[in-house]
Amino acid sequence: MLKARLAVLVSGGGTNLQALIDAAAKGEITSAEIDLVISSKEGVFALERAQKAGIPSLVIAKKSCASQEAFEEKIQAALEDNRIDFIVLAGFMSILSENFVAKWPKRIINIHPSLIPAFCGEGYYGLRVHEAALEKGVKITGATVHFVNEIPDGGEIILQKSVTIRKNDTAETLQRRVMEQAEWKLLPRATQLVAKRILKEGKACDK
Ligand code: GRF
């Protein structure tokens, strides 16, 4: 069966990458295959997860690139070399430039750990998102999968799932529950949805 070729971009622990690997193994992602993992940091656990699953991976360390442009050129070259059709940002801790995202319209998706438009945009990443939700006293938070455009966390929303905040939550307990109840479920579903659409449109390499 024809599958869209997917690259997953990571910078950390890679639990969302793992959710994609597991969903593919369970037959829940049938329209895409993970062909490449790119990490912006060396030595992160996401790279071990890729290796264990037999997925080719490479490190393009932002630190070692002279500029954002040089960093993105390397990523673009790796994506082209691997004939990638679409990209999932799964805990990728770098904002991609307008120039880069313009090359991949509706072909980059991101998982964000809040119900966008709450607690999103520049500066809202990692634990900070959950701290902000607790500081505000919201009773419900969640996660969002969205397309990536030139506005940080501003692209079209694909899927959202809510998570109830508990009285004794800390940013850490909330982060974990948002992952378990929302992120790890939403990201595979959104990936399958987008992959199906891409197969209908025609893969990049067919054009
Ligand atoms: C997740 O909370 C994701 O929503 C955010 O960064 C975290 C990454 O976790 N963008 P992991 O690397 O997938 O474990």
>> Going through Arg197, Arg176, Arg166 one at a time, which residue ends up being part of a helix (DSSP H, G or I), away from the ligand (no atom under 12 Å from the Cβ) and either farther than 23 Å from Gly12 by Cα or open to solvent by 90 Å² or more (accessible area, probe 1.4 Å) (or both)?
In response: Arg197
>> Going residue by residue through region 76-86, is there one that turns out to be open to solvent by 20 Å² or more (accessible area, probe 1.4 Å), in contact with a Gly (Cβ under 6 Å, 6 or more places away or on another chain) and either away from the ligand (no atom under 16 Å from the Cβ) or under 16 Å from Met179 (Cα atoms) (or both)?
In response: no
> Within the group Lys26, Lys3, which residue is more than 14 Å from the ligand (Cβ to nearest atom), at negative phi and free of Cβ contacts under 8 Å to residues at least 24 places away in the same chain?
Replying inline: Lys26
> Can you find a residue in region 141-153 that is touching a residue at least 24 places away in the same chain (Cβ under 8 Å), within 14 Å of the ligand (Cβ to nearest atom), farther than 28 Å from Lys26 by Cβ and not in a helix (DSSP H, G or I)?
Replying inline: yes
> When you scan region 125-138, how many residues do you find that are closer than 19 Å to Val148 by Cβ, part of a loop (DSSP other than H, G, I, E, B) and modelled with pLDDT of 95 or more?
Replying inline: 0
> On the given criteria, is Gln192 touching a strand residue (DSSP E or B) at 6+ places or on another chain (Cβ under 8 Å), open to solvent by 20 Å² or more (accessible area, probe 1.4 Å) and assigned to a strand (DSSP E or B)?
Replying inline: no
> Can you tell me which of Ser97, Ser64 is away from the ligand (no atom under 16 Å from the Cβ) and at pLDDT below 95?
Replying inline: Ser64
>> Which count do you get for residues in region 17-34 that are assigned to a helix (DSSP H, G or I), open to solvent by less than 10 Å² (accessible area, probe 1.4 Å) and closer than 23 Å to Glu201 by Cα?
In response: 1
> Looking at region 35-54, which of the residues that are open to solvent by 10 Å² or more (accessible area, probe 1.4 Å) and touching a helix residue (DSSP H, G or I) at 6+ places or on another chain (Cβ under 6 Å) is farthest from Phe71 (Cα to Cα)?
Replying inline: Ala53
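The values are calculated or read from the model by the stated rules, or taken from the named source; none is laboratory data. Treat the numbers as computed from the prediction; the structure is a model and nothing was measured. We place every Cβ from the backbone using ideal geometry, glycine too, and count neighbours over all the protein chains shown. The accessibility values were calculated without ligands, DNA or RNA, using every heavy atom of the protein model including side chains. Shrake-Rupley method; radii C 1.70, N 1.55, O 1.52, S 1.80 Å.
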